[in-house]
């Protein structure tokens, strides 16, 4: 971006009325309420609410019932009288296998979690405070690239920091890959 482009864009955006007055806060909240609409939380709509609760309850039963049957069958005796309990040898063999598999999985997850926790705590307390994990020159170059971009789109820094409310025009939106492309053009690409 050249200085002429930056200056012309700054003049263009500073001359447009893109600011929202404090009095317009009420209209902004009303706009948000109009934008977000959910019949479930509105008054009435009992059929929708009953249908949603029924579907959620049915799927909760579908998810929880097999787990309850498994835990009931893992016990030596029946824990819940109203649930199905395996009576055949293949069911008991399966429950023993599942019990062993679940215990092994819990132990493996617990050991790995504790190992990662100790490693991360050590690195955060001992290594990161004493070692710079980024290139300071590239960081400063990226900050200057971003400052140029912000200045060209939204005005100079003092103007941006002193403005309380600002409405962004459609052409001021930042494209998905614009920042990574600018970094690549400036030679400070993030890899």
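Values quoted throughout were computed directly from the atomic coordinates according to the rules given, and no laboratory measurement underlies them. Remember, predicted model here, so these are calculated numbers, not experimental data. Because the Cβ atoms are built from the backbone with ideal geometry, glycine has one as well, and the counts that use them run over all protein chains shown.
Rg over Rh for region 38-85 works out to 1.29, both radii taken from alpha-carbon positions and Rh defined as the Kirkwood radius. Considering region 112-155 at the alpha-carbon level, its Rg and Dmax are found to be 17.7, 50 Å. Principal axis analysis of the Cα atoms in region 87-132 yields extents of 62, 11, 8 Å, listed in decreasing size.
A Förster distance of 30 Å, applied to the separation of the beta-carbon atoms of residue 156 and residue 128, puts the FRET efficiency at 0.30.
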